[in-house]
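Since the structure comes first, as structure tokens, the remarks are kept for the end.
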Amino acid sequence: MAAEKIDVPAPVRQVQSLIAGIEVTLEKWAQDLGKDLSDLKGMVAGAAIDGLVQPAVKGLLARDSPELAGAGFIANSGLVGPDRSYIAWWQGPQLERVDALANFSPSSMERYLKAEWFRIPVESGIPHATGPYIDFLCTDDYVVTFTHPVRREGSAELAGIVGTDVAVRTLEQNLIRGLRQLGPAASLVSAEGRVVVSSSLSLEPGDLISLDDAGLSYPVGRRFAIVSATEDDAPRG
Amino acid sequence: MTQQAASASRGLAAVFSPLRSAGLADQVVERIEQAVETGLLVSGQRLPSEVELAAALGVSPVTAREALSSLRARGLITTTRGRNGGSFVAEDFLPSTRGALQQLQALTRLQINDLGLHYSIITVACAGIAARRADATELAILRTYLRPSQETLLSWRLVDSEFLLELAAIARSARLGRELVRLQADLGTLTLLPYTDKAFREASVGMRAAVADAIEARNSALAETTTKELVHALIHWLLDEHSR
């Protein structure tokens, strides 16, 4: 579809700019933090990481709140110590620190390697978006988590990841009107076909749809798409 | 008018119930206990200092000191002075079956039944929705909780609670998930007890497998029935033990 670029409707562009905006913010933050970490040689103390990350999170949540529920950095093994991780993550308007007891744990690496939002960007070196899923570790809410690898100059190993949580209810508040303008069955879906927000009353966030027969599809950010069933597929009353 | 009084919501009456200070130090103690029980902190390891602990949990150093001295008084941590001093997680910190039995005997049959009813309603609801929403990755994760990789009592208890939490995660209801976390905190170490029984352990593996199979088959009704059986088995074991 060569004409697709020209034909992208305004509501789709609005969704694309919100998601792409979050991804670009993370990418820039990952570069800045990577440079700051490169200036510190050798192993880095947790307090030094806090000192770099907390002001950035504060700025991010103040600027983009309430879009962003929380944000932070999680160290890959080797940055603060061998086989150790470190979490510097804050959430909410009060900048509440999350999961910090894990920083004293001998098994902190294992804890984060279980989580898709950490494991995938660390193993692949590619930015990732996880969810929608219930985040029992931090927000206890239904969220999408965007994560981006952080590189240190002169180091083959990744230093860690930066990430941010966006509540699904926030995405609905921002996107539902545009999706309704697109049609009665327009949905923002993940790469797995998991519905995030939909204009269709018969689709709830979390439901799975088949992407093969989804009708029109527009890519949104790295891992999402807006699918809009054509009139033939639209649910009839 | 009496009519008006009678129509007032009973839920609103709770607004006027006495206010209790939640006890911030108690919450810190609870967090540390959970961290040790789930293996995040381990026996013998050094605990963070008062100042570090306060910063990590967002409480004042006074509250952190209060929490540490409460743990010390109960023998859950030991403190040594000097250059290499500090607070250490005690070797016998982990919840014991003795403590769990005391907790069980302190409850009435009525309370156990009511707790079981609540636990069953929440988990069964999660299972029903999970059968509609599970993808292949999630099913694979669910199946890692059928049987623990180690034969310790704590790992059995961990798979028991993690399996049900995973059902809530797959169902994707934040409310049901939070409710389940709260309920598991209420159950405390009670769920340790059935896993002292070898027959129960093996039976529980089969029951969890049946739930996973029903979810894979996208059969909501069967997922609900099998989850109900799993939770009922646990509660009935506790009731049997209680009457012994």
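Quick one: what pairs do we get from the range B:135-149, first residue farther than 12 Å from B:Leu167 by Cα, second of a type in the set (Phe, Trp, Tyr), C-beta under 7 Å, 6+ apart or different chains?
B:Pro148/B:Trp156
Looking at the range A:146-164, can you tell me whether even one residue there is within 16 Å of the chain's Cα centre (by Cα), modelled with pLDDT of 90 or more and within 14 Å of another protein chain (Cβ to nearest Cβ)?
Checked against the condition, which is being within 16 Å of the chain's Cα centre (by Cα), modelled with pLDDT of 90 or more and within 14 Å of another protein chain (Cβ to nearest Cβ), the range A:146-164 yields no hits at all.
Of the conditions (1) within 14 Å of chain A (Cβ to nearest Cβ); (2) part of a helix (DSSP H, G or I), B:Pro194 clears all except one; give me its number.
Only one criterion in (1) within 14 Å of chain A (Cβ to nearest Cβ); (2) part of a helix (DSSP H, G or I) is unmet by B:Pro194, namely (1).
The rows are residues; the columns are (1) of a type in the set (S, T, N, Q); (2) surrounded by fewer than 19 Cβ atoms within 10 Å (Cβ to Cβ); (3) touching a Cys at 6+ places or on another chain (Cβ under 9 Å); (4) under 30 Å from A:Leu79 (Cβ atoms).
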| position | (1), (2), (3), (4) |
| --- | --- |
| A:Ala167 | no, no, no, yes |
| A:Glu172 | no, yes, no, no |
| A:Arg177 | no, yes, no, no |
| A:Leu182 | no, no, no, no |
| A:Ser187 | yes, no, no, no |
| A:Ser190 | yes, no, no, yes |
| A:Val195 | no, no, no, no |
| A:Glu204 | no, yes, no, no |
| A:Leu208 | no, yes, no, no |
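Can you confirm whether the range A:212-233 contains a residue that is within 13 Å of chain B (Cβ to nearest Cβ), surrounded by fewer than 20 Cβ atoms within 10 Å (Cβ to Cβ) and under 22 Å from B:Arg133 (Cα atoms)?
no
Of the numbered conditions (1) within 19 Å of the chain's Cα centre (by Cα); (2) in contact (Cβ under 8 Å) with a residue 40 or more places away in the chain, A:Val8 fails exactly one; give the number of that condition.
For A:Val8, the exception is condition (1).
When you go through (1) more than 20 Å from A:Gly70 (Cα to Cα); (2) touching a residue at least 40 places away in the same chain (Cβ under 8 Å); (3) aliphatic (A, V, I, L, M) one by one for A:Ala156, which number turns out not to apply?
The single condition A:Ala156 does not satisfy is (2).
Select from the range B:2-32 the residues that are buried (at least 17 other Cβ atoms within 10 Å of the Cβ) and either among the β-branched types (Val, Ile, Thr) or at pLDDT below 85 (or both) and list them in ascending order.
B:Val28, B:Val29, B:Ile32
Within the set of pairs 6 or more residues apart or between chains, which connect a residue that is within 14 Å of B:Ile170 (Cβ to Cβ) inside the range A:125-145 to a residue that is surrounded by fewer than 23 Cβ atoms within 10 Å (Cβ to Cβ) and of a type in the set (S, T, N, Q) with Cβ atoms less than 9 Å apart?
Taking only residues 6 or more apart or on different chains, the pairs are A:Gly131/A:Ser190; A:Pro132/A:Ser190; A:Ile134/B:Ser173; A:Tyr142/B:Ser173.
So A:Ile74 ticks every box in (1) hydrophobic (A, V, I, L, M, F, W, C); (2) within 12 Å of another protein chain (Cβ to nearest Cβ); (3) within 20 Å of A:Pro127 (Cβ to Cβ) but one. Which box is left unticked?
In the conditions (1) hydrophobic (A, V, I, L, M, F, W, C); (2) within 12 Å of another protein chain (Cβ to nearest Cβ); (3) within 20 Å of A:Pro127 (Cβ to Cβ), A:Ile74 misses (2) alone.
Name the residue, out of B:Gly85, B:Gly39, that is in contact with a strand residue (DSSP E or B) (Cβ under 9 Å, 6 or more places away or on another chain), at pLDDT below 85 and outside the structural domain of B:Phe163 (by TED's automatic domain parsing).
Working: B:Gly39 fails: in contact with a strand residue (DSSP E or B) (Cβ under 9 Å, 6 or more places away or on another chain).
Criteria check complete, one pass: B:Gly85.
Do you know which residues across the range B:30-55 are within 30 Å of B:Gln150 (Cα to Cα) and either more than 12 Å from chain A (Cβ to nearest Cβ) or touching a Gly at 6+ places or on another chain (Cβ under 8 Å) (or both)?
B:Glu37, B:Arg46, B:Leu47
Here are some residues: B:Ala134, B:Ala100, B:Ala171. Which one is surrounded by 15 or more Cβ atoms within 10 Å (Cβ to Cβ), more than 14 Å from every other protein chain (Cβ to nearest Cβ) and either at positive phi or touching a helix residue (DSSP H, G or I) at 6+ places or on another chain (Cβ under 6 Å) (or both)?
Exactly one of B:Ala134, B:Ala100, B:Ala171 is surrounded by 15 or more Cβ atoms within 10 Å (Cβ to Cβ), more than 14 Å from every other protein chain (Cβ to nearest Cβ) and either at positive phi or touching a helix residue (DSSP H, G or I) at 6+ places or on another chain (Cβ under 6 Å) (or both), namely B:Ala100.
Within the group B:Asp114, B:Asp160, which residue is away from every other protein chain (no Cβ under 14 Å), without any contact (Cβ under 8 Å) to a residue 40 or more places away in the chain and part of a helix (DSSP H, G or I)?
Residue meeting the stated conditions: B:Asp114.
So which of A:Lys58, A:Lys41, A:Lys35 is free of Cβ contacts under 8 Å to residues at least 12 places away in the same chain and assigned by TED's automatic domain parsing to the domain that holds A:Glu123?
Answer to the selection: A:Lys41.
Has the range B:236-243 got any residue that is over 27 Å from A:Glu204 (Cα atoms), in contact with a Lys or Arg (Cβ under 8 Å, 6 or more places away or on another chain) and in a loop (DSSP other than H, G, I, E, B)?
Looking for residues that are over 27 Å from A:Glu204 (Cα atoms), in contact with a Lys or Arg (Cβ under 8 Å, 6 or more places away or on another chain) and in a loop (DSSP other than H, G, I, E, B), one finds at least one in the range B:236-243, hence yes.
Which number in (1) surrounded by fewer than 19 Cβ atoms within 10 Å (Cβ to Cβ); (2) within 13 Å of chain A (Cβ to nearest Cβ) marks the one condition that B:Ile129 misses?
(1)
Search the range A:84-115 for residues being among the acidic types (Asp, Glu) and either within 18 Å of A:Thr164 (Cα to Cα) or in contact with a Pro (Cβ under 8 Å, 6 or more places away or on another chain) (or both), and hand back the single one that is nearest to the other protein chains (Cβ to nearest Cβ).
The extreme case among them is A:Glu96.
Yes/no per residue for (1) among the aromatic types (Phe, Trp, Tyr); (2) touching a His at 6+ places or on another chain (Cβ under 8 Å):
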position: B:Phe88; (1), (2): yes, no
position: B:Phe93; (1), (2): yes, no
position: B:Gln103; (1), (2): no, no
position: B:Ala106; (1), (2): no, no
position: B:Ser120; (1), (2): no, yes
position: B:Gly128; (1), (2): no, no
position: B:Arg133; (1), (2): no, no
position: B:Tyr145; (1), (2): yes, no
position: B:Glu151; (1), (2): no, no
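Counting only residues that are in contact with a Lys or Arg (Cβ under 7 Å, 6 or more places away or on another chain), give me the strands (runs of 3 or more DSSP E) lying completely in the range A:90-201 with at least 1 of them.
Result: A:128-135, A:141-151, A:158-167, A:186-190.
Can you tell me how many residues within the range B:59-75 are in a loop (DSSP other than H, G, I, E, B), in contact with a Leu (Cβ under 9 Å, 6 or more places away or on another chain) and either surrounded by 14 or more Cβ atoms within 10 Å (Cβ to Cβ) or not polar (S, T, N, Q) (or both)?
Total satisfying the criteria: 1.
The values are calculated or read from the model by the stated rules, or taken from the named source; none is laboratory data. The structure presented is a predicted model; accordingly, all values stated were derived computationally and were not measured. Methodologically, a virtual Cβ is constructed for each residue, glycine included, from the backbone with ideal geometry; neighbour enumeration extends over all protein chains shown.
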